[in-house]
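Derivation of every value follows stated rules applied to the coordinates shown; laboratory data play no part. From a predicted model like this one, the values you see are computed outputs, not experimental measurements. All Cβ positions, even for glycine, are placed from backbone atoms using ideal geometry, and neighbour counts span all protein chains on display.
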Amino acid sequence: MILTLSCADRPGIVSRVANFLFERGGNILDAQQFGDVETGRFFMRVVFEASDRPVEGLREAFASIGAEFSMTWTIRDPRVRRKVMILASQADHCLSDLIWRWRRGELPMDIRAVVSNHPAETYSSIDLSGLPFHHLPVGRDTKLEQESAIWALIQATGAELVVLARYMQILSDGLAAKLEGRCINIHHSFLPGFKGARPYHQAHARGVKVIGATAHYVTADLDEGPIIEQDVERISHRDTPAALIRKGRDIERRVLARAVRWHLEDRVLLNGAKTVVFTD
């Protein structure tokens, strides 16, 4: 089982959690914690064996502690895979990588739908067999209807996480609000620099020495959501914009994959406009 929590920091939290697990025959396998002195918030992630106790009973029993400390908390059985929907546009490298890692067992998720504003023929190089594919085209005058169809599909599939795998459409404020804390985007830039279109061309024009990518939760503020993971790669004056794009694809793939896996493993806790990430 995995227990995560956040609350106002005060003495006794770790003791109460440890005693709770001990009294129910739980055995702690891994525990990570962080007290943010700036915000006064406390964060914790505990992996434990539960002596075959049902997760529902553990949740009911822990509710009183959660209320006492005004916690935001979850207890989850990691054997139950989260339902995921992936949205993509014409660029297919992130979608391909997520599917490859999922098939290899690296990402513990249940892909309930792959959605694109481009037809399935766009992804002829990807094996989509066994994956429900939905082509939902969008135009300037049909954005609201297309988003309504996306939201209906999220509800119908029970998707708990939405991954924007280079989905090149801006979500409306309403849909972003509905997906708060459960929609991950990969931005092809090391935020907050070089925002907007053609970031690699902007970087090339400025003669940068590193390029990067940023995975973050989606909010109504474009590319301003809590950052989960970032990575960079050194470049030189010899690199053309095409070379930057090629190298950037590799960064985007690994950054998005790490962010998705950490979310699936309950390693990411929201801390206002930031995140606390208990990496492995």
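Summary table
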| read-out | value |
| --- | --- |
| Between the range 212-272 and the range 47-106, the alpha-carbon center distance in angstrom | 21 |
| Reach of K209 by Cα under 26 Å, taken over lysines that are not fewer than 8 positions away in the same chain | K195, K247 |
| Farthest toward positive dipole pole in the range 150-280 [+1 Lys/Arg, -1 Asp/Glu at C-beta], among G272, H237, Y167 | H237 |
| Burial ranking of peptide ranges 7-16, 224-233 (average Cβ count within 10 Å, highest at the top) | 224-233, 7-16 |
| For the range 82-277: rounded, prolate or oblate by the Cα gyration tensor [a/c cutoff 1.5] | rounded |
| Against the rule of thumb 2.2 N^0.38 Å, how large the Cα Rg of the range 27-158 comes out | 1.43 |
| Mean shadow area of the range 212-257 over all directions, Cα convex hull, nm² | 3.6 |
| Reachable lysines, given that their alpha-carbon falls under 18 Å from the alpha-carbon of K143 and they are not under 8 places away in the same chain | K178 |
| The chain, helix-only ellipticity at 222 nm - DSSP H runs n ≥ 4, -39,500 (n - 2.57), divided by all residues, nearest 500 | -10000 deg cm²/dmol |
| GNM top mover of R82, R41, R234 - the chain, alpha-carbon springs below 10 Å | R234 |
